[in-house]
Amino acid sequence: QVQLVESGGGLVQPGEFLTLSCAASENIFNYNHMGWYRQAPGKERELVATMNVGGVTNYADFAEGRFTISRDGSTNTVYLRMGSLKPEGTAVYYCNAHLLSRFYWGQGTRVTVSS
């Protein structure tokens, strides 16, 4: 079972940029999709962005044009660069690995967007 470790969260001001990292314990190309989800206080977990093994990306509407998912196969790391952050972006961000019917999650990294 893959281990996913997120990092890069913290406190940022509205409008700023932040890049999250997800280090996987094995080859990320073993998985159909790698992605990022988030869960805001009192809300359900929601998709932010995914990338399939072929490199095709999918973004939530709120992330389109502001967030970028990328990967480094040499280090088995997936990134989420977030731009023009808004207060509603405050959430715990989770890395996800998807293989067939199985979903694997990291422990999450907290992002707080506040002035």
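The values are calculated or read from the model by the stated rules, or taken from the named source; none is laboratory data. The shown structure was predicted, so the numbers you read here are calculated from the model rather than taken from an experiment. Heads up, the Cβs are rebuilt from the backbone with ideal geometry, glycines too, and the neighbour counts pull from every protein chain shown. Remember, those area values only see protein heavy atoms, side chains included, never the ligands or the DNA or RNA. Shrake-Rupley method; radii C 1.70, N 1.55, O 1.52, S 1.80 Å.
Here are the numbers for this structure:
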{"quantity": "Selection status of ARG38, closer than 21 Å to GLY9 by Cα, in a strand (DSSP E or B), among the charged types (D, E, K, R) and open to solvent by 70 Å² or more (accessible area, probe 1.4 Å)", "calculated": "no"}
{"quantity": "Of the criteria (1) open to solvent by 20 Å² or more (accessible area, probe 1.4 Å); (2) free of Cβ contacts under 8 Å to residues at least 60 places away in the same chain; (3) assigned to a strand (DSSP E or B); (4) out of contact with any helix residue (DSSP H, G or I) (no Cβ under 7 Å at 6 or more places or on another chain), which one ARG71 fails", "calculated": "(4)"}
{"quantity": "Within segment 62-91, tally of residues that are of a type outside the set (Ser, Thr, Tyr) and within 10 Å of the chain's Cα centre (by Cα)", "calculated": "6"}
{"quantity": "VAL5 vs. criteria of a type in the set (Val, Ile, Thr), modelled with pLDDT of 95 or more and open to solvent by 60 Å² or more (accessible area, probe 1.4 Å)", "calculated": "yes"}
{"quantity": "Some residue of segment 87-95 being over 23 Å from VAL2 (Cα atoms), modelled with pLDDT of 95 or more, open to solvent by less than 20 Å² (accessible area, probe 1.4 Å) and among the aliphatic types (A, V, I, L, M)", "calculated": "yes"}
